[in-house]
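The values are calculated or read from the model by the stated rules, or taken from the named source; none is laboratory data. Since the model is a prediction, treat every value here as computed from it, not as a measurement. Please note: Cβ atoms are built from the backbone with ideal geometry, for glycine as well, and neighbour counts cover all protein chains shown.
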Amino acid sequence: MQDSNLGPAISIRNLSKTYAGGKQALNDVSFDVPAGQIFGLLGPNGAGKSTLINILAGLVNKTSGHASIWGHDIDADPRNAKRAIGIVPQEVVFDPFFTPAEVLENQAGFYGVPKAARRTLELLAAVHLSDKANAYSRTLSGGMKRRLLIAKALVHNPPVIVLDEPTAGVDVELRRQLWELVSQLNSEGVTVVLTTHYLEEAEELCDRIAIINHGRVIADKPTRELVNMAHEKVVALTLSEMVGALPTHPAFIKCEAEGERGLAITYDTSRMNAGEVLALVQAQGLSIIDVTTREPDLEDVFVSLTSAAAG
Ligand SMILES: Nc1ncnc2c1ncn2[C@@H]1O[C@H](COP(=O)(O)OP(=O)(O)OP(=O)(O)O)[C@@H](O)[C@H]1O
């Protein structure tokens, strides 16, 4: 059973990692993963996400700083820190001659889970693999293997699981299934950390998101707040006649003609609202016959934050 923990599920303080060749993969990283949440760790390729996960998993040694999992410091109490976390790796690695039930039994044995406390059939049911319990792993589809990996990470009943790019390269249907599985686990009380390249996935699933870039944390906020950081919106207008001179205003970030009678205005939402944009366009003598707007999304924020940090 899980021991109780009143603090964050994961706490990371001033964590740095420089690899033997001199590459600094993490530079003074600090953040908390609140217990009970789905937490997204985002960043471009090479940002340091895998390094961070591998440190938590005990597979890579940090250079300096501290990390604790469910209240257990990874240096002072590595045994309990490891027992508190289940890692779902990016790559699917199974012995093809074991069956899903055997894969889970072997993993339970590895963690020293007594036979009576094992949950093999329950876990297979949770990942919708009951009917494959005794099939060879090599006969499973890619999606089934990914689900089996999740069950494998759960055999020791960890309060925290980390999924490294769980939906990389999977089709839309399987992605939806995995999202449901993650949400279901979370609703049962498991804290979930996931890394992903799909911003839509992070926006849909995660309560909170940290963005890491060049080994540094450049944002760490509730998802809603992060998305609202994009102070840009677009109104697309269809005008009754050809656009001559494009309308201008200091709060317009961009104004572009689209086709013969279209106009796309990107404006600063901290300075005006859509109604004011329309009024300004009309005041410049243009007659509007249709309007659509586009909400900012996580991608807008991600691009602006990571490109700002690169500059
Ligand atoms: N074992 C290693 N030895 C030397 N450098 C490494 C090692 N592992 C990773 N790096 C370097 O550290 C940096 C961070 O890599 P890391 O794999 O943590 O990034 P990532 O954010 O997980 O990227 P990706 O999304 O591509 O997996 C990269 O520049 C990478 O080349």
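Please pick out the residue among GLU258, GLU276 that is out of contact with any helix residue (DSSP H, G or I) (no Cβ under 7 Å at 6 or more places or on another chain), farther than 30 Å from GLY43 by Cβ and surrounded by 13 or more Cβ atoms within 10 Å (Cβ to Cβ).
None of the others qualify; the one that does is GLU276.
Surrounded by 15 or more Cβ atoms within 10 Å (Cβ to Cβ), in contact with a Phe, Trp or Tyr (Cβ under 6 Å, 6 or more places away or on another chain) and over 20 Å from TYR111 (Cα atoms): which single residue out of VAL29, VAL33 fits that description?
VAL33
Provide a single number: the residues in the range 68-85 that are in contact with a helix residue (DSSP H, G or I) (Cβ under 7 Å, 6 or more places away or on another chain) and either modelled with pLDDT under 95 or among the β-branched types (Val, Ile, Thr) (or both).
3
Among (1) under 30 Å from LYS145 (Cα atoms); (2) surrounded by fewer than 19 Cβ atoms within 10 Å (Cβ to Cβ); (3) within 16 Å of the ligand (Cβ to nearest atom), there is one condition LEU194 misses while meeting the rest; what is its number?
(2)
Of THR293, THR266, THR306, which residue is among the hydroxyl-bearing types (Ser, Thr, Tyr), touching a helix residue (DSSP H, G or I) at 6+ places or on another chain (Cβ under 9 Å) and outside any loop (DSSP other than H, G, I, E, B)?
So the residue among THR293, THR266, THR306 that is among the hydroxyl-bearing types (Ser, Thr, Tyr), touching a helix residue (DSSP H, G or I) at 6+ places or on another chain (Cβ under 9 Å) and outside any loop (DSSP other than H, G, I, E, B) is THR293.
Give the residues of the range 86-114 that are at pLDDT below 95, over 26 Å from the mean Cα position of the chain (by Cα) and acidic (Asp, Glu), sorted by residue number.
ASP95
Return the residues of the range 1-43 that are within 26 Å of LEU298 (Cα to Cα) and among the aromatic types (Phe, Trp, Tyr); say none if nothing qualifies.
Answer for the range 1-43, where residues must be within 26 Å of LEU298 (Cα to Cα) and among the aromatic types (Phe, Trp, Tyr): PHE31, PHE39.
Could you grab me the full set of residues in the range 1-44 that are on the phi < 0 side of the Ramachandran plot and acidic (Asp, Glu)?
Hits for the range 1-44 are ASP3, ASP32.
When only residues in the range 116-143 that are in contact with a helix residue (DSSP H, G or I) (Cβ under 6 Å, 6 or more places away or on another chain) and part of a helix (DSSP H, G or I) count, which is nearest to VAL172 (Cα to Cα)?
Checking each candidate, the answer is GLY143.
Right, SER287: among the small types (Gly, Ala, Ser) and in contact with a Ser or Thr (Cβ under 9 Å, 6 or more places away or on another chain) or not?
Details: among the small types (Gly, Ala, Ser): yes; in contact with a Ser or Thr (Cβ under 9 Å, 6 or more places away or on another chain): yes.
Yes: the conditions hold for SER287.
One line per residue, one yes/no per condition, for (1) modelled with pLDDT of 90 or more; (2) within 30 Å of ILE53 (Cα to Cα); (3) outside any loop (DSSP other than H, G, I, E, B):
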| site | (1), (2), (3) |
| --- | --- |
| ILE211 | yes, yes, yes |
| ASP220 | yes, yes, yes |
| LEU226 | no, yes, yes |
| GLU256 | no, no, yes |
| LEU278 | yes, no, yes |
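Scan the range 152-170 residue by residue and report those that are in a loop (DSSP other than H, G, I, E, B), within 16 Å of the ligand (Cβ to nearest atom) and surrounded by 21 or more Cβ atoms within 10 Å (Cβ to Cβ).
Scanning the range 152-170 gives PRO166, THR167.
Pairs needed: first member in the range 264-280, of a type outside the set (Lys, Arg); second member anywhere, assigned to a loop (DSSP other than H, G, I, E, B); C-beta distance under 6 Å; at least 6 residues apart or different chains.
Every condition considered, the pairs that remain are TYR267/ALA251; ASP268/HIS231; ASP268/ALA251; THR269/HIS231; SER270/HIS231; MET272/ALA251; LEU280/HIS249.
So which helices (runs of 4 or more DSSP H) stay within the range 1-112 end to end and still have 3 or more residues that are assigned by TED's automatic domain parsing to the domain that holds ASN213 and away from the ligand (no atom under 11 Å from the Cβ)?
Values: elements: 49-56, 78-83, 100-110.
Passing ranges, in order: 78-83, 100-110.
Among the residues that make up the range 171-187, is at least one of them under 27 Å from SER11 (Cβ atoms), assigned to a loop (DSSP other than H, G, I, E, B) and at pLDDT below 95?
No, the range 171-187 contains no residue that is under 27 Å from SER11 (Cβ atoms), assigned to a loop (DSSP other than H, G, I, E, B) and at pLDDT below 95.
Taking the stated definitions as given, is LYS233 basic (Lys, Arg) and either exposed (fewer than 14 other Cβ atoms within 10 Å of the Cβ) or modelled with pLDDT of 90 or more (or both)?
So LYS233 does not fit the description; no.
Kindly provide the set of residues from the range 2-27 that are within 18 Å of ASP75 (Cα to Cα) and among the charged types (D, E, K, R), ordered by number.
Across the range 2-27, the qualifying residues are ARG13, LYS17.
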